[in-house]
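Heads up: the structure comes next, in structure tokens.
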Amino acid sequence: MRALQPSDPLWVGRYRLLGRLGSGGMGQVFLGQSPGGRLVAVKLIRADLAADPEFRARFAREVAAARHVSGMFTAAVVDADPAGPQPWLVTAYVPGPSLADAVAGRGPLPARSVLTLAAGLAEGLGAIHAEGMIHRDLKPSNVLLAGDGPRIIDFGISLAANATSLTGADLVVGSPGFMSPEQAQGQEVGPASDIFSLGAVL
């Protein structure tokens, strides 16, 4: 965690911000604390995205769907304000590095750890798919390694962030190297596309 910058807000909604966790396609991610003391991850949407009505509508739909996803291996959505002056999203805080950072720092995981990771990610994707959602952007940086297993983050929300200002013909959501062939070609995707991405991650 890094210190807050002078330009950073001290509060987002009812959550007090404690520091910066990182940044993503949608904006800055902060470590926050609820009034009851619970640590959470607070995603504050970029101003340019917040000014786009198309993004707001898509973001609201994706957040509403993501709220229903539950399971051991996903970082649950706990709060959101898609309609605020600067929309935000709050998820459960996962105290652990991303898979990308872990591999970059320590090299490939041992075979037994990879098997445990695969089982957790498969179960997490199952919970996401059970709610009719597709992740669309499963990659090592969207997998956090907690002490009791992996957590999938940013499920579904990637569509809202990446589809803004794109036409249907130009819409390709995902990350090169981890997306399925149909996804790379801008075709319709389903649960099988996420399974392809899971294989690429492993």
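What are the ³J(HN,Hα) couplings of the stretch 92-99, residue after residue, when phi is run through the Karplus curve with 6.51, -1.76, 1.60 and θ = phi - 60°? Round to Hz, x for glycine and proline.
Computed from phi, the couplings for the stretch 92-99 are 4, 7, 10, x, x, x, 6, 4 Hz.
May I ask you to evaluate 6.51 cos²θ - 1.76 cosθ + 1.60, the Karplus curve with θ = phi - 60°, for each residue of the stretch 136-143 and list the ³J(HN,Hα) values in order in whole Hz, giving x for glycine and proline?
3J(HN,Hα) across the stretch 136-143, in whole Hz: 6, 8, 6, 7, x, 6, 9, 10.
Among ILE153, TRP11, ALA192, which residue has its Cα positioned farthest towards the positive end of the charge dipole of the chain, with +1 placed on the Cβ of Lys and Arg, -1 on the Cβ of Asp and Glu, and the dipole taken about the Cα centre?
TRP11
Compute the Cα gyration tensor for the stretch 11-92, then decide on rounded, prolate or oblate, letting a ≥ b ≥ c be the square roots of its eigenvalues: rounded whenever a/c is under 1.5, prolate when a/b is larger than b/c in the other cases, and oblate in all that remain.
It is oblate, given that a/c is not under 1.5 and a/b is not larger than b/c.
About its Cα centre, how strong a charge dipole does the chain have in debye, to the nearest 20, once Lys and Arg get +1 and Asp and Glu get -1 at the Cβ?
Around 640 debye, computed over the chain.
So what does log10 I(q)/I(0) come out to for the chain at q = 0.08, 0.13, 0.15 Å⁻¹, using the Debye formula with one equal point on every Cα and no solvent?
Those come out to -0.26, -0.71, -0.95, one per q.
Provide MET72, MET1, MET179 in ascending order of the number of other Cβ atoms located within 10 Å of each residue's Cβ, fewest first.
The fewest-first ordering by Cβ neighbours comes to MET1, MET72, MET179.
Can you list the HN-Hα couplings for the stretch 191-202, worked out from phi with the Karplus curve (6.51, -1.76, 1.60; θ = phi - 60°), rounded to whole Hz and with x for Gly and Pro?
Result, rounded to whole Hz: x, 4, 5, 5, 5, 4, 4, 4, x, 5, 5, 6.
Provide the net charge surrounding PRO35, with neighbours chosen by a C-beta distance below 11 Å and charges set as Lys +1, Arg +1, Asp -1, Glu -1.
Numbers: positive: ARG14, ARG16, ARG38; negative: none.
Spelling it out: positives minus negatives among the neighbours equals +3.
For every other residue with a beta carbon closer than 11 angstrom to the beta carbon of ASP137, add +1 if it is Lys or Arg and -1 if Asp or Glu, then tell me the sum.
Cβ neighbours under 11 Å give a net charge of 0.
Read-outs: derived from the displayed coordinates by stated rules, not from any lab. Predicted model, so just to flag it, every value in this text is computed and none were measured. FYI the Cβ positions are ideal-geometry reconstructions off the backbone, even for glycines, and counts take in every protein chain you see.
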